[in-house]
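Here the structure is laid out as structure tokens; the discussion comes afterwards.
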Amino acid sequence: MKNITIILFGATGDLSKRKIIPALYRFIAHKKLENFIIVGAAFEEVTAEQMINAAQPFVEKGDEAIWQTLRSNSFYKKINFTADADYKSLNNFVQECERKQGIAGNRLFYLATSASFFCPITHNSAQAGLLQRKEEKDPIWHRIVYEKPFGHDLKSAREINECIKNTINETQVYRIDHYLTKEVVSNIAMIRFTNCVLEPLWSNRYIDQVQIVLSESVGMEGRGAYYDAYGALRDVVQNHMLEMLALICMESPEKLTGDYIRAERVKVLEKVRFIDGILGQYNGYLSEKSVSENSRTDTYASLKLAVETPRWKGVPFYLKTGKKLDKKETVIHIKFKQVDCLLMRGCPTDSNWLTLQIAPEAIFSLTLNAKIVGSTDQVEPVKMEFCHSCVQGVQTPEAYEVLLEEVMRGEQSISVRFDEIEYAWKVIDDIESRQLPVYSYAQGSTGPQEEQQFDDKHGMRWRT
Ligand code: BG6
């Protein structure tokens, strides 16, 4: 990857220093990026050096020579995102920096800002000539990355999409979801479509239910103001969890790349229906910094969804997420149907489960039933497991590193298409309109006590 200008809007923010600049650091360390400049743009009055230094605590055992490379290729311009006049001077500034460093052409715009600035930044950058409409065949590319959340509901997402469409082509747009770049998530389609022992079973004929869990032990981490306006449904269900569901349910794409995958994910999201759910809020949430005193914002959600396609008709999809729970774990459990028991004694106690664990470790496992050693016909579940980090020499790259690399390569499967994002918001708008009860729960617990009644009502048990 070379000859690139990275224009980082929101360069002084949390995301830039925690994720984006460290990802660029690792690119340089792995010699993946040459001949580049970073132009930071934000409201604050800082220097380019300060912008880079702010990321240093987020890289373990950093190498000073790499930091120095980053510093000497970085520039910073203070701008007001909504002042169109500022974009003319930003454009001149970028051109001047490019000229100085001998970079001509490719531009990656990264909007690490609130969604309310997506339209003003896109529109004003285009008006000033900084961002240009480009066709896929053009030798020079201009690509723009929008961080999640993309809007606050269907209406706002549609407005941003409309603004983008009037300015640039969809092939230049990356509405990103960092979950799509996680090793196990990007492996979902591979595991399914490349294994004859799974693909024929992948439907309501053999799958009993699917559970998707995104459990977090952390709380607000200084993001109270943002979170209070969004809540769990908008923060992680609308994007990460529904995207995982779409990958599990999609039909086979013509090719396992770019728009082929997106086109299939869209068809799933269009058919997702809300069946039932409960919400929760952890005790102590109301005393978090920048959270309003009577807030009813959900920090926990447990949902039953359906996917109304012939393949998935009748299969329940259970989704559970929460902050300040007992553990950090992201996992997908796929439960297969029980076999007819032909044995006289010792019938299988459990069905087969395929588990895709995304965090804390990248692991996938399959539970089969096998005879207990020595006994005649007693059966027990045995687990076959593949753990990425256990394979010597294999290092799972960090999600943001993969993400930036895919954008620079022009691979759009990691980006959420305009209609995909709209269908996902439609699901959330529907859930929000139901005014579900919000139960309290203790920090460090598995969620509200009412979860038990919910599980009983649906005859389900969360796999642990
Ligand atoms: C982000 C949410 O998108 O995903 C956070 O805004 C959440 O609230 C995070 O903590 C979870 O991502 P990961 O990669 O830590 O599982």
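For this structure, a couple of remarks:
- The magnitude of the dipole of the range 329-464, with charges of +1 and -1 set on the Cβ of Lys/Arg and Asp/Glu and taken from the Cα centre, is near 660 debye.
- Prolate/oblate/rounded label for the range 1-67 (Cα gyration tensor, a/c 1.5): oblate
- Dipole of the range 32-77, positive end: most advanced residue of MET51, ILE38, ALA65 [Cβ charges, Cα centre]: ILE38
- Shape category assigned to the range 44-138 from the gyration tensor of Cα positions, a/c cut at 1.5: prolate
- Portion, in percent, of the accessible area of the chain that falls on carbon or sulfur, probe 1.4 Å: 49
- No disulfide-compatible partner, judged by a Cβ distance under 4.7 Å, exists for the following cysteines of the chain: CYS97, CYS196, CYS249.
- Cα gyration tensor shape of the range 351-428, rounded if a/c is under 1.5, else prolate or oblate by comparing a/b with b/c: oblate
- If the chain linking THR464 and ASP430 were pulled fully straight, counting 0.36 nm for each residue of separation and taking away their Cα-Cα distance, it would gain 9.3 nm.
- Here each label is just a point 7 Å from Cα along the line to Cβ, and for SER365 and GLU221 those points are 2.6 nm apart.
- FRET efficiency, 1/(1 + (r/R0)^6) with R0 30 Å, evaluated for SER203 and THR349 via beta carbons: 0.75
- P(r), alpha carbons of the chain - 10 Å bins starting at zero, rounded %: 4, 19, 28, 26, 15, 6, 2, 1, 0
- For LEU342 and LYS267, the FRET efficiency from 1/(1 + (r/R0)^6), where r spans their Cβ atoms and R0 equals 45 Å, is about 0.70.
- Rough spin-label spacing in nm, given labels placed 7 Å along Cα→Cβ, for ASP63 and LEU286: 5.3
- Restricting the range 304-389 to trypsin sites (Lys or Arg not before Pro) that sit in a DSSP loop and have at most 16 other Cβ atoms within 10 Å of their own Cβ leaves ARG311, LYS313, LYS327, LYS328, LYS337, ARG345.
- Net charge of neighbours whose Cβ lies under 12 Å from the Cβ of TYR227, counting Lys and Arg as +1 and Asp and Glu as -1: -1
- Only the Cβ atoms of Lys and Arg (+1) and of Asp and Glu (-1) were treated as charged; on that basis the dipole of the chain about its Cα centre amounts to roughly 460 debye.
- Dimensions in Å of the range 232-379 - Rg and Dmax from alpha carbons: 19.7, 63
- Simple label model, 7 Å out from Cα along Cβ direction - GLN132 to GLN378, nm: 7.5
- Size of charge dipole - the range 60-176 - debye, nearest 20, with Cβ of Lys, Arg +1 and Asp, Glu -1, no other charges: 120
- Antiparallel bridge percentage (DSSP; both residues within the chain; nearest 5): 55
- Of ALA229, PHE117, ASN3, farthest towards positive along the dipole that unit charges on Lys, Arg, Asp, Glu beta carbons give the chain: ASN3
- Rounded Å value of the spacing that divides the Cα centres of the range 1-71 and the range 193-240: 30
- Sum of side-chain charges, PHE193 neighbourhood, beta-carbon under 12 Å (Lys, Arg +1; Asp, Glu -1): -2
The values are calculated or read from the model by the stated rules, or taken from the named source; none is laboratory data. As the structure is a computational prediction, the values presented were derived from the model and not from experiment. Using ideal geometry, Cβ is built from the backbone for each residue, glycine included, and neighbour counts are taken over all protein chains shown. To get the accessible areas, we keep the full protein, side chains included, count just its heavy atoms, and leave off ligands, DNA and RNA. Shrake-Rupley method; radii C 1.70, N 1.55, O 1.52, S 1.80 Å.
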